[in-house]
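Here is the structure we will look at.
The values are calculated or read from the model by the stated rules, or taken from the named source; none is laboratory data. The structure presented is a predicted model; accordingly, all values stated were derived computationally and were not measured. No Cβ is skipped: glycine too gets one built from the backbone with ideal geometry, and neighbour counts run over all protein chains shown.
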Amino acid sequence: MPDVTWWQKAVIYQIYPRSFQDGNGDGIGDLPGIKERLPYLADLGVDAIWLSPIFPSPMEDFGYDIADYCAIDPLFGTMANFDELLGQARRLGLRLLMDLVPNHTSSRHPWFIESRSSRSSAKRDWYIWRDPAPGGGPPNNWLSEFGGSAWSFDEATGQYYYHAFLPSQPDLHWRNPDVRRAMHDVMRFWLAKGVDGFRIDVLWHLIKDDQFRDNPPNPDYRDGQPPHWQVLPLYTTDRPEVHEVVAGFRRVADEFLDRLLIGEIYLPPKRLVAYYGKDREGVHLPFNFSLLETDWHARKLAALIDEYEEVLPSGSWPNWVLGNHDRPRIATRVGAAQARLAAMLLLTLRGTPTIYYGDEIGLSNIDVPPQHVCDPLGKAAPTLGRDGARGPMRWNDGAYGGFSPARPWCYCPEPADGPTVGEQSSEPGSLLNLYKRLITARREHPALALGTYHPLVATGDVLLFSRKYPESPSVLVALNLGDQPAAAVLKEKTLRGRVIVSAFGDREEEPIADGVHLRPDEGLVIALD
């Protein structure tokens with residue numbers, strides 16, 4: 001494989017620690033549990049794991065409300081457990097990424113406790129404080145993504161503080177150089193311990209309008225949509241000055257060798273790609289969530305891939321995501337049959353793919369009864385609830401899928417039907433083994449890992465493209481997203497090749513000549529002669 005940065009060739013695997021593996025029997029996943037399952041991840045073939053937050057937290061937003069950036073929450077273990085996990089990952093050839101949450105802290109963080117102690121506090125300006133509006137009430141119309149005003153009144157000091165999410169998650173004031181220095185030191189703490197980089201939470205939120213102007217009304221808002229969609233977040237997200245902050249993160253990462261920064265940014269491709277920055281001043285991979293938000297039809301997928309490829313800045317590296325802890329699982333969105341094609345698409349497109357834990361066995365969303373909802377967003381806006389995508393990993397057909405001997409922290413019906421690692425490991429045609437074959441193919445074929453992307457003419461429900469890399473066999477990808485047989489007739493009449501990955505695991509090594517014939521819900525990856 002050509003000599004490029006490790007993350008360009010990598011497959012990243014996201015772990016939601018609470019739900020991956022319980023190592024001490026309390027019903028909550030933890031670091032020893034993750035360490036126990038590292039051999040599984042090495043066998044799967046992924047290159048790096050990304051851990052959602054494991055820092056001390058009141059857990060009002062399940063770890064995204066941090067009270068100490070440089071420690072481990074006892075729920076997950078100890079710093080010694082973390083060091084052991086990192087060391088074992090290294091021995092198995094796995095990199096480790098952490099979740100950095102710089103936009104806000106917990107209201108129980110010492111910084112905020114000091115900030116709210118008085119208006120003259122040395123850390124008052126570490127958070128965003130404003131006087132009430134002239135007639136009383138919140139300073140402006142900014143809305144929380146978890147419902148209601150984004151401003152909460154502090155009786156003791158007579159001012160409001162801003163929180164884009166829960167009132168217990170006050171936003172840091174990123175225009176303050178002291179805040180930047182403190183967070184840079186947090187990064188250095190973990191980078192010095194040997195972590196390979198960060199996924200940076202809500203990166204496009206970090207800077208707010210310094211004039212605190214009202215957000216404009218959303219002309220497309222409809223009844224039944226989440227309440228915070230009533231306004232367009234013009235003055236609360238994606239402000240021009242945010243790129244200065246991103247550049248600061250990049251400078252810190254570049255103090256260390258081969259570290260990776262990934263940004264969580266929900267923006268259209270044309271605005272998303274600005275976060276690559278200029279002259280190596282942005283994040284390496286602004287998360288591309290296009291596949292999470294598009295209709296699952298071949299022509300729409302082809303159009304969004306073309307759009308993304310077209311707007312990528314010269315020299316930047318693409319990336320793709322099918323699922324995460326905030327969105328419904330891919331098997332729920334597109335169905336079990338199409339989940340195979342989704343895997344094939346994710347792992348054959350140009351760029352770095354990220355797999356969400358459990359998607360490799362086809363886990364679907366858990367249907368959580370209203371009385372069992374844990375997620376604060378799900379309580380405020382049920383249509384956006386995230387509990388269903390955060391259920392325990394299913395390792396075997398034992399109690400709670402082998403995740404824990406105790407009742408899990410979240411709603412988990414028992415007994416529960418569903419896929420397991422154990423059963424799929426022994427089934428050659430399983431989704432799990434399809435993932436393994438696809439990841440192996442990426443390693444064996446430079447065209448898949450690093451090659452250019454070339455869309456090919458196709459109609460109906462067929463998605464067709466090729467990947468090309470100098471002095472290596474080209475690869476053709478043919479996906480039938482329809483429920484009827486389909487054929488792709490190629491213009492190159494002398495085209496020849498062999499199947500290297502098939503959706504059902506029953507056509508490997510089959511010769512291909514001139515045309516590609518696909519069964520319903522079938523995909524083929526073909527090495528061309």
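Considering only residues in the range 43-59 that are touching a Gly at 6+ places or on another chain (Cβ under 9 Å) and within 12 Å of residue 93 (Cβ to Cβ), the one that is surrounded by the most Cβ atoms within 10 Å (Cβ to Cβ) turns out to be 48.
Cβ-Cβ distances below 7 Å connect the following pairs, each with a first residue in the range 432-446 that is within 13 Å of residue 526 (Cα to Cα), a second residue that is assigned to a helix (DSSP H, G or I) and at pLDDT 95 or above, and a separation of six or more residues or different chains: 438/343; 438/344; 441/448; 442/448; 442/449.
Residues are listed down the side, and each one gets a yes or a no for (1) within 17 Å of residue 354 (Cβ to Cβ); (2) surrounded by 16 or more Cβ atoms within 10 Å (Cβ to Cβ):
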| site | (1), (2) |
| --- | --- |
| 280 | no, no |
| 283 | yes, yes |
| 286 | yes, yes |
| 301 | no, yes |
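Of all residue pairs spaced 6 or more apart or on separate chains, those with beta-carbon atoms under 9 Å, a first member in the range 306-318 that is assigned by TED's automatic domain parsing to the domain that holds residue 351 and assigned to a helix (DSSP H, G or I) and a second member that is among the basic types (Lys, Arg) and surrounded by fewer than 17 Cβ atoms within 10 Å (Cβ to Cβ) are 307/270; 311/270. When the residues of the range 303-345 are filtered to those that are surrounded by fewer than 21 Cβ atoms within 10 Å (Cβ to Cβ) and among the hydroxyl-bearing types (Ser, Thr, Tyr), which remaining residue is farthest from residue 357 (Cα to Cα)? Result: 314.
Residue count for the range 298-333, restricted to those that are under 25 Å from residue 486 (Cα atoms), of a type in the set (A, V, I, L, M, F, W, C) and out of contact with any helix residue (DSSP H, G or I) (no Cβ under 6 Å at 6 or more places or on another chain): 5.
So that you can scan it fast, the table gives a plain yes or no per residue for (1) modelled with pLDDT of 95 or more; (2) closer than 22 Å to residue 456 by Cα; (3) more than 12 Å from the chain's Cα centre (by Cα):
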position: 277; (1), (2), (3): yes, no, yes
position: 285; (1), (2), (3): yes, no, no
position: 300; (1), (2), (3): yes, yes, yes
position: 307; (1), (2), (3): yes, yes, yes
position: 312; (1), (2), (3): yes, yes, yes
position: 315; (1), (2), (3): no, no, yes
position: 318; (1), (2), (3): yes, yes, yes
position: 321; (1), (2), (3): yes, no, no
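Candidates are the residues of the range 18-40 that are crowded, with 23+ Cβ neighbours inside 10 Å and touching a Ser or Thr at 6+ places or on another chain (Cβ under 6 Å); the one that is nearest to residue 264 (Cα to Cα) is 29. Considering only residues that are β-branched (Val, Ile, Thr) and touching a Pro at 6+ places or on another chain (Cβ under 7 Å), look in the range 101-133 and name the one that is nearest to residue 54 (Cα to Cα). Among those that are β-branched (Val, Ile, Thr) and touching a Pro at 6+ places or on another chain (Cβ under 7 Å), it is 101. Closer than 17 Å to residue 26 by Cβ, loosely packed, with under 14 Cβ neighbours inside 10 Å, at pLDDT below 95 and in the same structural domain as residue 340 (by TED's automatic domain parsing) - does that describe any residue in the range 415-423? No, that holds for no residue. Of the helices (runs of 4 or more DSSP H) that lie entirely inside the range 386-502, those containing 3 or more residues that are in contact with a Pro (Cβ under 7 Å, 6 or more places away or on another chain) span 446-450.
Comparison of 377, 363 shows that the only residue that is assigned to a helix (DSSP H, G or I), among the aliphatic types (A, V, I, L, M) and farther than 30 Å from residue 4 by Cα is 377.
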